[in-house]
């Protein structure tokens, strides 16, 4: 980012601060619309911040510890700062589509973290990773972070059943778990209900590769 871009952003932030200070909502619908827009913009800013953090790690000089520099603001603990640095690195290296979706406002940081948690147990091939990221980003407007976690976890179980935890008991005929066992595997077609994904048996009739 050159000096001109940084100056322009600073100018926009100043205008935004003035507008926010004078912000008043006339109706509940207006209020909810503003909340939705602010959440979207916040997601974009978080994505941009994480991308900049990763860029800073690549350009930092020896002895210039980025975690301590970021911690100097005292807005977060040193542990949280280091977690952000790890998150930025992992998004750039393993989940670039999630980072792009964050910067575009398609995902919240919580949703991105949930997807990563679900996919992380496997070393996905590039093709598998792109497919999973694309599918899950597409469901971000429908599913919350816990539901996306369930869906991402189910995807990895179908890709590699050997890494799926074994059921602790045998489902009885007619039980919800037994009924789910008879359901078709959701991969790689359409996504299941996240609740079904969370409780579905760890079997895979379809080879996604």
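The values are calculated or read from the model by the stated rules, or taken from the named source; none is laboratory data. Everything quoted here is computed from the prediction, not taken from an experiment. Virtual Cβ from ideal backbone geometry, glycine too; neighbours counted across all protein chains shown.
Filter the range 140-168 down to residues that are at pLDDT below 50 and out of contact with any helix residue (DSSP H, G or I) (no Cβ under 9 Å at 6 or more places or on another chain) and give me whichever is nearest to residue 130 (Cα to Cα).
166
In the range 75-91, what residues are out of contact with any helix residue (DSSP H, G or I) (no Cβ under 8 Å at 6 or more places or on another chain) and not in a helix (DSSP H, G or I)?
Residue satisfying the conditions is 75 alone.
Can you run down the residue pairs with Cβ atoms below 8 Å, 6 or more apart or on separate chains, where the first is in the range 58-87 and surrounded by 12 or more Cβ atoms within 10 Å (Cβ to Cβ) and the partner is modelled with pLDDT of 85 or more and not in a helix (DSSP H, G or I)?
70/76; 71/77; 84/76
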